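K.L.:
Structure incoming, see below.
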Amino acid sequence: MSRRDWLAVTAGAGLNLAFTQKAAAQNADRRTPAELDRDWLAATQKYAPERKRLLAVVNKGKTDGPFRPDWGSLQHYKTPDWYADAKFGIFIHWGLYSLPAFGSEWYSRNMYVQGSPEYAHHIATYGPQATFGYKDFIPKFTAPAFDPAAWAALWRSAGARYVVPVAEHHDGFSMFDTRLSDYSAVKLGPKRDILGELKSAIRAQNLHFCLSSHRAEHDWFFDEGRKFSSDVSDPAHAGLYGPAQARIVGPNSDELFSDYTYVSQDWLDDWLARQAELVDRYEPDLIYFDWWIGQPSFRNTLPAFLAYYYNRAARSGGSAIVNYKLGEFADGAGTLDIERGQAAGIRKNVWQTCTSISDKSWGYIENDSYKSVEQIVHLLADVVSKNGNLLLNVGPRGDGDIPDAARDTLLKVGAWLTVNGEAIYGTRPWTAFGEGPTETADGSFAESKAKPYTPRDFRFTAKNGLLYAIQMGWPQDGKATITSIRPDMAVRRVILLGSDAALRFEQTAAGLNLTLPEGAARRPAPVYRIET
């Protein structure tokens, strides 16, 4: 769910509004922000020594290497070459929120938003939130179909080069063996180190193991549950629900950029310790941060983590990449991610777009729709031509099974990459990213505005002195013209990848004219290797 969609849900909820407002007034949790923070701290007090130890590790590591915890120093960061070569990764959203399979991966929050579809669905399906809260999904989360080796083999067959499972979503339930919380998949639910098992399986497939942390939003994520009688206000569950501080947005907060929400130093210290724990225990080659880390309250804490993580990799010769969004870092201090959107042209620094193979949700929900092979291949070609990577999300079912629609599409994308991968992996942008009449929907959350490409649209990549032209549609007449290839660019040879038959070409003032071999197999995007 986008931030704009979330605002629509919270601001526009209108089902039985008068009743819910009255109920909120009668049952609202009236504790102050400081009191809520103390309840959460009390629930996690037994982890204070480990938190203190991890903070000491960060404090030492943030200056033990070439980086310092300030933006000027962090802007000397360089994205590792493996990432620039990889081009295609798999994102995995899977957790407690996958069990209800309704609405989106924000079910954990929206089931407490009075008037929302999730709120009504929850009561109708499970009962009132005071008797069946989000915590009550934990015993049901047994993951009988979770097979990390099979997952990793699928990602490899899909052509991915790196994998980014969500270690913890906004809901605060850790999918790893944390020593800072009672609420983890190791201690409860499946009683398995999901992240650790995935790390082993992913690296066994010679893929880069990465992870995603969304904990920054958890400070306020369950605040709607304090507005009526629900289990969120029970201090016994503060270890899961967190402080649940009142979420307050500013007057210009169309995408929730403004932050007037109470965030304590204790919360920030805990956030920093948990990120250090993920790095120390799981050694990810990349960490993907969601949007909230750019808020003002994190400005003094975030550089400390980045310097610690980057210095750690520099000392060990390892990899440290941090994906960020929406201008949350100083330029060059990390690797930009554009969520559900694209870039208008070639970007100087390597970047990434993330989107889901499903259209409505990042986590699994019933009756979702899925992108076609053509959509994914065309998106990959466009992004790579502009110096970017594609991180494609898959949401497994609550039991750990991969939906057939996602599996089938991934295998077809992998089949396309098996034939055409030389035009993707290890390439760099050409002098122009492409040509054609179809304009790219630029910016975050713009994919819904995207228009279908045509056979007149091409995207270009280059490698080892070769030019690759990716045609964004199959030409019905078997002919095509690439206008960007001028007559003075003497073409010696053109090959259609995946075909042994001869391909006729001719250079004219109009460009490079191509005629596909007779009987060439139709594919989502034919790729031409051009030698000049």
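The values are calculated or read from the model by the stated rules, or taken from the named source; none is laboratory data. Remember, predicted model here, so these are calculated numbers, not experimental data. Cβ: placed from backbone, ideal geometry, glycine included. Neighbour counts: every protein chain shown. Heavy atoms of the whole protein, side chains included, go into the accessibility calculation; ligands, DNA and RNA do not. Shrake-Rupley method; radii C 1.70, N 1.55, O 1.52, S 1.80 Å.
K.L.:
Checking GLU374 against (1) open to solvent by 20 Å² or more (accessible area, probe 1.4 Å); (2) assigned to a helix (DSSP H, G or I); (3) over 30 Å from GLU422 (Cα atoms), only one condition comes out false. Which one?
P.N.:
(3) is the only condition that GLU374 fails.
K.L.:
Applying the selection to the stretch 346-367, what residues are open to solvent by 20 Å² or more (accessible area, probe 1.4 Å), touching a residue at least 12 places away in the same chain (Cβ under 8 Å), over 21 Å from TRP71 (Cβ atoms) and not aromatic (Phe, Trp, Tyr)?
P.N.:
Across the stretch 346-367, the qualifying residues are ILE346, ASP359, LYS360, GLU366.
K.L.:
Shifting gears a bit: For ILE485, which of the numbered conditions (1) among the aliphatic types (A, V, I, L, M); (2) in a loop (DSSP other than H, G, I, E, B); (3) under 30 Å from the mean Cα position of the chain (by Cα) fails to hold?
P.N.:
For ILE485, the failing item is (3).
K.L.:
A follow-up question, please. Evaluate the stretch 450-462: report whether one residue or more is β-branched (Val, Ile, Thr), buried (at least 24 other Cβ atoms within 10 Å of the Cβ), over 20 Å from ASN323 (Cβ atoms) and over 17 Å from the mean Cα position of the chain (by Cα).
P.N.:
Yes, because at least one residue in the stretch 450-462 is β-branched (Val, Ile, Thr), buried (at least 24 other Cβ atoms within 10 Å of the Cβ), over 20 Å from ASN323 (Cβ atoms) and over 17 Å from the mean Cα position of the chain (by Cα).
K.L.:
Shifting gears a bit: Among the residues of the stretch 330-356, how many are touching a Phe, Trp or Tyr at 6+ places or on another chain (Cβ under 8 Å) and assigned to a loop (DSSP other than H, G, I, E, B)?
P.N.:
Counting residues in the stretch 330-356 that are touching a Phe, Trp or Tyr at 6+ places or on another chain (Cβ under 8 Å) and assigned to a loop (DSSP other than H, G, I, E, B) gives 10.
K.L.:
Looking only at the stretch 281-298, count every residue that is modelled with pLDDT of 95 or more and either open to solvent by 10 Å² or more (accessible area, probe 1.4 Å) or of a type outside the set (A, V, I, L, M, F, W, C) (or both) and tell me the total.
P.N.:
Total satisfying the criteria: 6.
K.L.:
Looking only at the stretch 281-308, which residues are free of Cβ contacts under 8 Å to residues at least 60 places away in the same chain, part of a helix (DSSP H, G or I) and in contact with a helix residue (DSSP H, G or I) (Cβ under 6 Å, 6 or more places away or on another chain)?
P.N.:
Selection gives LEU302 alone.
K.L.:
Please go through the stretch 468-486 and give me each residue that is open to solvent by 80 Å² or more (accessible area, probe 1.4 Å) and within 16 Å of PHE505 (Cβ to Cβ), ordered by number.
P.N.:
ASP477, LYS479, THR483, ARG486
Residues are listed down the side, and each one gets a yes or a no for (1) open to solvent by 40 Å² or more (accessible area, probe 1.4 Å); (2) of a type outside the set (Asp, Glu); (3) farther than 30 Å from TRP291 by Cβ; (4) in a strand (DSSP E or B):
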site	(1), (2), (3), (4)
ALA432	no, yes, yes, no
THR440	no, yes, no, no
ALA521	yes, yes, yes, no
PRO524	no, yes, yes, no
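K.L.:
Is there a residue in the stretch 167-185 that is among the aromatic types (Phe, Trp, Tyr) and open to solvent by 10 Å² or more (accessible area, probe 1.4 Å)?
P.N.:
yes
K.L.:
Right, SER73: open to solvent by less than 50 Å² (accessible area, probe 1.4 Å), within 27 Å of PHE146 (Cβ to Cβ) and modelled with pLDDT of 95 or more or not?
P.N.:
Here the answer is no, as SER73 does not meet what is asked.
K.L.:
Within the set of pairs 6 or more residues apart or between chains, which connect a residue that is free of Cβ contacts under 8 Å to residues at least 24 places away in the same chain inside the stretch 504-520 to a residue that is assigned to a loop (DSSP other than H, G, I, E, B) and open to solvent by 40 Å² or more (accessible area, probe 1.4 Å) with Cβ atoms less than 8 Å apart?
P.N.:
These pairs meet every condition: GLN507/PRO487; GLN507/ALA490; THR508/PRO487; ALA509/PRO487; PRO517/ALA501; PRO517/ALA502; GLY519/ALA501.
K.L.:
How many residues does the stretch 393-424 contain that are touching a Ser or Thr at 6+ places or on another chain (Cβ under 7 Å) and more than 30 Å from LEU496 (Cβ to Cβ)?
P.N.:
Matching residues across the stretch 393-424 total 5.
K.L.:
Could you please give the count of residues in the stretch 394-410 that are in a helix (DSSP H, G or I) and in contact with a Leu (Cβ under 8 Å, 6 or more places away or on another chain)?
P.N.:
Qualifying residue count, the stretch 394-410: 2.
K.L.:
Moving to a separate point now. Any residue in the stretch 448-459 that's on the phi < 0 side of the Ramachandran plot: show its pairings with residues that are hydrophobic (A, V, I, L, M, F, W, C) at Cβ separation under 6 Å, as long as the two are six or more apart or on different chains.
P.N.:
LYS449/ALA441; ALA450/ALA441; TYR453/MET472; ASP457/MET472; PHE458/ALA469; PHE458/ILE482; ARG459/ALA381; ARG459/ILE470
K.L.:
Being in a loop (DSSP other than H, G, I, E, B) and among the β-branched types (Val, Ile, Thr) is the filter; apply it to the stretch 103-149 and report the residue that is surrounded by the most Cβ atoms within 10 Å (Cβ to Cβ).
P.N.:
Only one residue tops the list, namely VAL113.
K.L.:
How many residues does the stretch 411-430 hold that are assigned to a loop (DSSP other than H, G, I, E, B) and surrounded by 21 or more Cβ atoms within 10 Å (Cβ to Cβ)?
P.N.:
Counting residues in the stretch 411-430 that are assigned to a loop (DSSP other than H, G, I, E, B) and surrounded by 21 or more Cβ atoms within 10 Å (Cβ to Cβ) gives 2.
K.L.:
Please find, within the stretch 494-519, the residue that is surrounded by the fewest Cβ atoms within 10 Å (Cβ to Cβ) out of those that are among the polar types (S, T, N, Q) and not in a loop (DSSP other than H, G, I, E, B).
P.N.:
THR508
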